[in-house]
Amino acid sequence: MVMEVVLGEASEVKNVVEAIELVETGVAKFVFSSRGLSLKAMDSRECAMMEILIPSDAFAHYRCDNVFSVGLSLDQMLQLLHRAHDSDIVSLTALEGQDHVTFTFQCPSNLSFSDHRMNLMMDIDNGPLLDIHEDAEYHAIVELPSPVFTTICCHIDSLSNIPIISIIVTRDTPILLVAAGDFGLCMHLPRGGTVIEMTQCVSLAFEIRYLNLVMAAMSLSDTLTIRLSMELPEAVFEYKIAAEKGYVRFHLPIAFNASYLLDD
């Protein structure tokens, strides 16, 4: 059984691995199947989860004869990827029964390539994972530029003495970011924010330490999509990747329902 995947440009692969390392600092389990590449990892507090899905048709070349669960050291992966030029094309090959995988770096001109073996990490246990609400109906789905979201959250965090930021979506204000502190309320209306769908007003609070995961992965995409529900314990923050065919999602715990802010 063979698994062969052209992962893409080295710069893009680095961004994804660095995003995974925000949540899982040791070893990650990459699952390859006929459908594509998937990964799930919990943060150290087992409260936030990252989910990655890249369908097979998003890759320039994809062959997977069986389900391959590949455990790889993220630190070793990054050390290896830093040897490649950003424009190099990265491929991954594995054979069933072998204790290693092979990364191939090929320059765009096809004039040179290099192969690098990496040993597999065995007996990888992700531990408990969050139950994903695949068919959940969200009360609000919004989009905004990821750099704008990061800038505002950092600004609010620097002013507030309470590490909580609330996200409010109403019919009058597409997206409002709010934090409370000794100074009172700090409120920001992000430029470029768009409501994709809304069935009711939403006001939910999040701990900044979890929002930091989303902000640190900003290089994945220029656009951040946020799915919010007043009835679910988590919200979904999503970056589209792989020409928008795949995604990286952060399932973040909701600190508390901040509906009292809707009355202000």
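Coordinate-derived values only; no laboratory data. Everything numeric in this text was worked out from a predicted model, so none of it was measured. All Cβ positions, glycine included, derive from the backbone under ideal geometry; neighbour counts span all protein chains shown.
For the range 2-119, give the share of DSSP beta bridges that are antiparallel, in percent and rounded to the nearest 5; count only bridges with both residues there.
About 100 percent, rounded to the nearest 5.
What is the sum of charges, Lys and Arg at +1 and Asp and Glu at -1, for the other residues whose Cβ falls under 13 Å from the Cβ of residue 95? Around residue 95, the charge tally is -2.
Per-residue ellipticity at 222 nm from helix content only, as computed over the chain with -39500 (n - 2.57) for each DSSP H run of at least four residues, stands at -5000 deg cm²/dmol.
Add +1 for every Lys or Arg and -1 for every Asp or Glu among the other residues with Cβ under 9 Å from the Cβ of residue 53, and state the total.
+1
Look at the dipole of the chain built from charges on Cβ: of 20, 151, 254, the Cα furthest out on the positive end belongs to 151.
Local charge sum around residue 66 (other residues, Cβ-Cβ under 14 Å, Lys/Arg +1, Asp/Glu -1)?
Net of charged neighbours comes to -1.
Listing 239, 260 from fewest to most neighbouring C-beta atoms within 10 Å gives 260, 239.
For the chain, the equivalent ellipsoid built from the Cα gyration tensor has semi-axes of 37, 18, 17 Å, listed from largest to smallest.
Entry note, the chain: relative contact order of 20 percent, from Cα contacts under 8 Å with a spacing of 6+ residues.
Taking the number of other C-beta atoms within 10 Å as the exposure measure, put 12, 234, 244 in order starting with the fewest.
Listed from fewest to most nearby Cβ atoms, that is 244, 12, 234.
Placing +1 on the Cβ of every Lys and Arg and -1 on the Cβ of every Asp and Glu, with no other charges, gives the range 54-178 a dipole of roughly 460 debye about its Cα centre. Here the range 222-264 and the range 149-221 have alpha carbon centers that stand 11 Å from each other. Overall, the range 140-263 carries a charge dipole of about 240 debye about its Cα centre when +1 sits on the Cβ of Lys and Arg and -1 on the Cβ of Asp and Glu, all other atoms neutral. The relative contact order of the range 140-263 comes to 28 percent, based on Cα pairs under 8 Å that sit 6 or more residues apart. Comparing mean-square fluctuations of 224, 81, 111 from a GNM of the chain with C-alpha springs under 10 Å, the top value falls on 111. Here the chain is assigned +1 on the Cβ of each Lys and Arg and -1 on the Cβ of each Asp and Glu. Its dipole about the Cα centre then comes out at about 400 debye. Tell me, how many Å apart are the Cα centres for the range 1-52 and for the range 58-88? Result: 9 Å between the Cα centres.
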